[in-house]
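A short worksheet on the structure shown next.
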Amino acid sequence: AGFGPSHTVLNGFNYHVTPAGLLFHEALVCAGCTVLPAGPQNTATLVEYAQALGANAFVGIASHLKILFEQRPALAIRLAMAGAEPHSDTIRAALMQQHAVRCVDMYGFAEGGIVAASCAEAGALHLHADVLAEVLDPTTGAAVPDATAGELVVSLDNPGFPLLRFATGDWVRIDRAGCACGRQGTLQLLGRADQSARVKGM
């Protein structure tokens, strides 16, 4: 996504209850970034914190970053990775138009981490190469044809926490056609397969 040693990153994910804050913190440190632990609360304090310590990048949810810019339009953040909430495409587009923030979309879940990210060329979500993804009918468990909606089930060969056919609860469609970036397969998120809802990324 372009994060590296030149970035001081405001981490807008929680560091408790959900593992997202710690997962991103560790990954950003591995990429050479300076990480500012923040979480999604106390936005008035966070804009002071971000500006005083020179934050120029962000991870979290797009609506949170939008609120931070509404409180402090002069923030220096120009790179972001934001996901974990529905209908954030318009917010990411507005952040680019109004504040010149390149905001990468991503998809993940607590048990597996981030398993897909958007490409720079088309903005399409692509699953990582090490993710084995199936789209199933949640009632019968049968595979659905390509480009048909169903529940995303993933397998991950992670030595620390392997997952075999983990049902995510997310309603998706996978288009196997090629993308302008050269990769095959686009993940389209359509909602939840059950009645649960996401609030502040959880």
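All Cα-Cα separations within the chain were binned at 5 Å from zero, giving a P(r) of 1, 7, 15, 19, 20, 16, 11, 7, 3, 1, 0, each value a whole percent of the pairs.
Rounded to two decimals, the Cα radius of gyration of the stretch 28-81 over 2.2 N^0.38 Å is 1.05. Only Cα pairs under 8 Å and 6+ residues apart enter the sum, and on that basis the relative contact order of the chain stands at 14 percent.
Could you tell me the calculated FRET efficiency between GLN188 and ALA167, based on Cβ-Cβ distance and R0 = 22 angstrom, to the nearest 0.05? Result of the calculation: an efficiency of 0.75. Stretching the chain fully between ALA52 and TYR15 yields a gain of 11.2 nm (0.36 nm per residue, less the alpha carbon separation).
Projecting the Cα atoms of GLN97, ALA180, PHE161 onto the charge dipole of the stretch 61-202, computed from C-beta unit charges around the Cα centre, puts GLN97 farthest toward the positive end. Label sites at LEU132 and GLU111, each approximated as a point 7 angstrom past Cα along Cα to Cβ, lie 1.5 nm apart. Result for the chain in a Gaussian network model with C-alpha springs under 10 Å: among THR168, THR43, THR139, the largest mean-square fluctuation is at THR139.
Counting only heavy atoms of the protein chains, get the accessible area per residue of the stretch 1-85 (1.4 Å probe) and round it to a whole Å² value.
Details: 3680 Å² over 85 residues.
In whole numbers, the stretch 1-85 has 43 Å² accessible per residue.
Just the protein heavy atoms count here, and of the accessible area of the stretch 52-202 at 1.4 Å, carbon and sulfur take up 55 percent. With a simple spin-label model that places each label point 7 Å from the Cα along the Cα-to-Cβ direction, the separation between THR139 and ASN42 comes to 4.9 nm. Label reach from ARG78 (point 7 Å along Cα→C-beta): in the stretch 5-38, amide nitrogens under 12 Å belong to 7.
Label sites at CYS181 and ALA120, each approximated as a point 7 angstrom past Cα along Cα to Cβ, lie 1.0 nm apart. A Förster radius of 41 Å, combined with the Cβ-Cβ distance separating ASP157 from ALA100, puts the computed FRET efficiency at roughly 0.60.
The values are calculated or read from the model by the stated rules, or taken from the named source; none is laboratory data. Remember, it's a predicted structure, so these values are computed and weren't measured experimentally. Cβ coordinates were reconstructed from backbone atoms using ideal geometry, including for glycine residues, and neighbour counts include every protein chain displayed. With ligands, DNA and RNA removed, areas are computed over all heavy atoms of the protein, side chains included. Shrake-Rupley method; radii C 1.70, N 1.55, O 1.52, S 1.80 Å.
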